[in-house]
1. Could you check what % of the DSSP bridge pairs in the chain are antiparallel, to the nearest 5?
2. Take the Cα gyration tensor of the range 130-227, multiply each eigenvalue by 5, square-root it, and list the three semi-axes largest first, rounded to whole angstrom.
3. Are there DSSP H segments in the chain that both extend 24 Å or more along their axis (alpha-carbon positions) and score a mean Kyte-Doolittle hydropathy of at least -0.5? List them, or say none.
4. Over 21 Å between C-alpha atoms is what I'm after, so list which of Lys233/Lys278; Lys67/Lys146; Lys308/Lys337; Lys308/Lys338; Lys309/Lys337; Lys317/Lys337 land there.
5. What does the chain give for Rg and for Dmax, in Å, if only its C-alpha atoms count?
6. Please name whichever of Phe207, Val246, Thr177 sits farthest to the positive end of the charge dipole of the chain, dipole taken about the Cα centre and charges placed at Cβ: Lys and Arg +1, Asp and Glu -1.
7. Using the Cα centre of the range 200-299 as the reference point, and only Cβ charges (+1 on K/R, -1 on D/E), how large is the resulting charge dipole? Debye, rounded to the nearest 20.
8. Looking only at Phe122, Phe173, Phe323, which one moves most when the chain is put into a Gaussian network model with springs between Cα atoms under 10 Å?
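Read-outs throughout are calculated quantities, based only on the coordinates presented, and are distinct from any laboratory measurement. None of these values were measured; they are calculated from a predicted model. Methodologically, a virtual Cβ is constructed for each residue, glycine included, from the backbone with ideal geometry; neighbour enumeration extends over all protein chains shown.
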Amino acid sequence: MECRERYALSNTGRQTNRMSFYIAGTGSALPEKVVTNDDLAQFLDTSDEWIYTRTGIRRRHVLTHEKLDDLAIRSAQTALADAGVSGADVDLILCATMRGDTYTPSLACIVGEAIGSHAPSFDLNAACVGVLYAMEVADAFISSGKAKTVLIVSAEAMSKLVDWTDRSTCVLFGDGTGAMVVRAGEGRLAGVLSTNPDSKVIRMPNFEGLNSPYNEYKQEKLAIYMDGGEVYKFAVNAMGRNIEEVCERANLTPAQIDWYLPHQANVRIIDASLKKYKIDKSKVLLNIADCGNMSATSVMVLLDEYAKKGTFRKGDKLLFVAFGGGLTSGAVIVEWKKD
């Protein structure tokens, strides 16, 4: 798939006279229900070996009795506590999601109500790259002086968007939520956002007034569709290209990055995209075996998991990279500031 010219938001890398942000706190929350590959084999023509060897996934968390809103609120509260700030301190709330529990109010507004914030709040949909888009929007608000503290939340209920009879897609996904608090300061080193417009490779139709007597549009199947081969080619090229470009903007080489936090879609994609730069696999963080692909939430849960483990040291350079429907892609480099 040939990549077209890209449009980027504020992708100017380091600037001495420009305020950026640092990550002040993180949080995440996953559904209680764990569904293993063996569980799926009970009703699908598949097996643990078939799924794992092709994707790197062993299990995933799936919503049952919980509400996505509640898990998102829990993630936000944990991130705020980790950052040592209250809801009243937040100047902007961004939520990366393809669909919350309600179309309106937005999930961001629901989180704002729960934490006692009156800050501007809105949802942002860039599919699996949503958190990176949100980070760059936060950077734009902070660098322009319109905000000092931004709460970024991600919440995805992928189990509600898949066809559970389609083994090519339903085995890939899981549900989850995550959050980070970013505050004005020197931490973001560079960012790049890309779009290679394609409405067919990854597609999830919306409801089109199925009971309306005036709707003559033939409704598509209400489940995620993916052209696996085209997704693979796009993802490998896009991730490698974005890593190269964001490192150039930050005046770094890929070898100077301490930790890579890639979108957790497929281990084969991650391995292929990073192979070109001979990146040490010990620098590449993964949780796909236990969580599957949680769309935008993947990098957020990954960040919180390894932050809580104490993996990051002050001064470490973290590179987030992701791709998703749209077709969107992007990368952001942040220097870790927490002790």
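1. Around 70 percent antiparallel, to the nearest 5.
2. Taking √(5λ) for each Cα gyration eigenvalue gives 35, 17, 14 Å.
3. In the chain, the long hydrophobic H runs are 228-249.
4. Lys67/Lys146
5. Just the Cα atoms of the chain yield Rg and Dmax of 19.1, 61 Å.
6. The residue sitting most towards the positive pole is Val246.
7. Dipole of the range 200-299, to the nearest 20 debye: 280 debye.
8. Taking springs between Cα atoms under 10 Å, the residue moving most is Phe122.
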